[in-house]
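Structure first, then comments.
The values are calculated or read from the model by the stated rules, or taken from the named source; none is laboratory data. Predicted model, so just to flag it, every value in this text is computed and none were measured. So basically every Cβ, Gly included, is an ideal-geometry build from the backbone, and we count neighbours across all protein chains shown.
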Amino acid sequence: MSVDSSKNTKRIVEAAIGLFREKGFRQTGVAEICEKAGLPRSSFYALFSSKEDVLGYFLKSVHQDFEKKLPEFLKAETDLERIYYLVDAFLQNTEYLGPEIARAAYIMELEGVYPYFAIFESFGDIAVTLIRNCQKNGLVGNTADAEELQQVLVDLTEAVSFDWIRTGGAFPLREQTRKELDVLLNVNRS
């Protein structure tokens, strides 16, 4: 990608995400994105095929940024904190997007356009190991198979996120998810 293309991509993505957050995903058109980015439609279409494509590009970049946060993940004192770190990293992105943009991302996932949950699900093997360690150390009282618990953990996180989106962000997403995960895992806080 040339320097100009890279700069234009950044301008379009920043303009689009700003408008999506301000006006809503469905209410924002390509013409508005171009106007805010100060670029002609031809520049937009040279880089993206649709506003969904812009959102997918943004989500992919957010997922790549997660890798930069791995040192924080490794600094956590316990494996239980590392589990919550993985969950929180996904939920922070969802909260940042807000209910409407996250809804569009969910729809893109369901339609097979963009794998919104891919980053969260890609840490499955790590989460299984963390769950096993927590079970051995008595931090997690749920004795179910770690692979099954990991899948239920993903499903529960997605379900709470979906409910948060459905209700327009009516409750604190990370706090509610953590409470539900504490119950699922039967966390020992003593």
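Remark: pairs (first residue in region 105-124, free of Cβ contacts under 8 Å to residues at least 12 places away in the same chain; second residue among the β-branched types (Val, Ile, Thr); Cβ separation under 9 Å; 6+ apart in sequence or on different chains) = 107/113. Residue 21 meets all of the listed conditions (1) touching a residue at least 60 places away in the same chain (Cβ under 8 Å); (2) in the same structural domain as residue 162 (by TED's automatic domain parsing) but one, namely (2). Can you find even one residue in region 139-151 that is under 30 Å from residue 23 (Cα atoms) and hydrophobic (A, V, I, L, M, F, W, C)? The answer is no, given that none of the residues of region 139-151 is under 30 Å from residue 23 (Cα atoms) and hydrophobic (A, V, I, L, M, F, W, C). Residues in region 123-152 that are surrounded by fewer than 14 Cβ atoms within 10 Å (Cβ to Cβ) and either within 22 Å of residue 94 (Cα to Cα) or among the small types (Gly, Ala, Ser) (or both): 138, 141. The residue of region 53-106 that is farthest from residue 137 (Cα to Cα), among those that are of a type in the set (S, T, N, Q) and either surrounded by fewer than 20 Cβ atoms within 10 Å (Cβ to Cβ) or touching a strand residue (DSSP E or B) at 6+ places or on another chain (Cβ under 6 Å) (or both), is 61. For first residues located in region 159-170 and in contact (Cβ under 8 Å) with a residue 60 or more places away in the chain, partners that are part of a helix (DSSP H, G or I) and surrounded by 15 or more Cβ atoms within 10 Å (Cβ to Cβ) and lie 6+ apart or on another chain with Cβ distances below 6 Å form the pairs 161/94; 164/173; 165/99; 165/102; 165/103; 168/99; 169/99. Return the residue satisfying two criteria in turn: it lies in region 164-174 and is more than 16 Å from residue 87 (Cα to Cα) and outside any loop (DSSP other than H, G, I, E, B), and of such residues it is farthest from the chain's Cα centre (by Cα). Ranking the candidates gives 166 first. For region 86-104, the candidate set comprises residues that are in contact with a Phe, Trp or Tyr (Cβ under 6 Å, 6 or more places away or on another chain) and modelled with pLDDT of 90 or more; within that set, the residue that is farthest from residue 20 (Cα to Cα) is 104.
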